[in-house]
1. At 4 °C and a viscosity of 1.567 mPa s, what translational diffusion coefficient does Stokes-Einstein give for region 108-245, taking Rh as the Kirkwood radius over Cα pairs? Give it in µm²/s as a whole number.
2. Please report the relative contact order for the chain, taking Cα pairs under 8 Å with a sequence separation of at least 6, and give it as a percent rounded to a whole number.
3. Ignoring ligands, DNA and RNA, what percent of the accessible area of the chain is carbon or sulfur (1.4 Å)?
4. Check cross-link reach from residue 312 to the lysines: straight Cα distance under 21 Å, and skip same-chain residues fewer than eight apart.
5. Can you work out the accessible area per residue across region 152-304, with the rest of the protein chains kept in place, probe 1.4 Å, in square angstrom?
6. As a test question: what accessible area, to the nearest 10 Å², does residue 211 have when a 1.4 Å probe is rolled over all protein chains in place?
7. I want to check the label-to-label distance for residue 309 and residue 335. Put each point 7 Å from Cα in the C-beta direction and report it in nm to one decimal.
8. Along the charge dipole of the chain, which of 98, 288, 83 sits closest to the positive end, that is, farthest toward it, with unit charges on the beta carbon of Lys, Arg, Asp and Glu (+1, +1, -1, -1)?
Amino acid sequence: MTTTTTIRPFRIQIPDADLDDLTRRLAATRLPRPAAVDNWELGTPNDYLQATVDYWRDTFDWRRHEARMNEFPHYVTEIDDQPVHFIHVPSVEADATPLLLLHSYPGSFLDFLDMIAPLTDPVTHGGTRGEAFSVVVPSIPGFGFSTPLVGGGWTMAKVARTLDTLMRRLGYDTYGSHGSDAGAMISRELGLLSPPGYLGLHVLQLFSFPSGDPAEFEKFGPDDYAALEHLKWFQSVGGYNAINATRPQTVAVGIADSPVGQLAWSELFNSFGNGTSLVTRDQILSQVTLYWLTNTQATAGRYHYEEAHAEKEPTVNTARTGVAVFADDFRTIRSLAERDNSNIVHWSQFPAGGHYASLEMPELVVGDLRAFFAAAR
């Protein structure tokens, strides 16, 4: 087992040959026969794919996005032989709160680039010195440059333990975390782990579902029933969870060999075509291109399989917890969340924004993080 604690600077520099190969593949794209009505009902439609592939091939500038990524200091280390890539931006303020930002699936460290400067340098971005954070943005093992994925058993609990080790290695004996989607799950696992000095979790979702007990519905109001209907819709279109939980390697074969397959698989960025997503085309393509160039579809989706096959007992999270609910995202139902998380001290609701609020409305997420962690400072 590797015992080194070396942290190495890292720079993103994709070879020209890889970009040339991507361009050739995009030029040779073969779309499937379209549905009778070419809309989002049966999945990602051909007209969207063709227009986006044309833009991707002819206009999208990976090097511009790569330069933006490299504006931040990147590093790589190994933890129990697993390569872990991360951005680390200490605040300009001496007493800043260390904060672990945990990304989504399908997403990456790119989820948070627009939040780093406001968090680390609040005075320049409408805040006060006391609201400063020192930010660590890892790529979850199996995602992006945290590859290859070493061994199995990469549940969210294992990821949480790995990232706690990362924070200690960086010299932080106290810190908090924020996450969405997979990042929210890891944050809750950190709450269950309750490492020394953990300041709490701020998430965009707590994935608490009805248990089947009719008494749970007695606490529901109209908003809760609306959230339940939204959950049913999300489950009806988000089938990739079930596919990854059963045959992740099989579906990854087609996506690993087809950039347009990677694009189609990333339909959550479009909120499955329901018209609410505010994520831009360039934001989508920067994420999709990162997945394609790192060939990480198989390993990024494997946590669904590990979670589905792990033996777990239901456990209540007692860590200090904050939730920000965005109207066009999975809407956490508070009474169910409080059943599984006993220390929810902060609850915000926003009338717009979705699953990728950090991309769509980063200033709102930053403001909510400042509010939540203010009491923990």
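The values are calculated or read from the model by the stated rules, or taken from the named source; none is laboratory data. Because the structure is a prediction, the values reported are computed rather than measured. Here the Cβ positions follow ideal geometry from the backbone for every residue, glycine too, while neighbour counts run over all protein chains shown. For accessibility, only protein heavy atoms count, side chains too; no ligands or nucleic acids. Shrake-Rupley method; radii C 1.70, N 1.55, O 1.52, S 1.80 Å.
1. 73
2. 18
3. Using a 1.4 Å probe with all protein chains present, the chain comes out at 52 percent carbon and sulfur.
4. Cα-Cα hits under 21 Å: 158.
5. 38
6. 80
7. Between residue 309 and residue 335, the simple spin-label model gives 3.8 nm.
8. So the residue furthest toward the plus end is 83.
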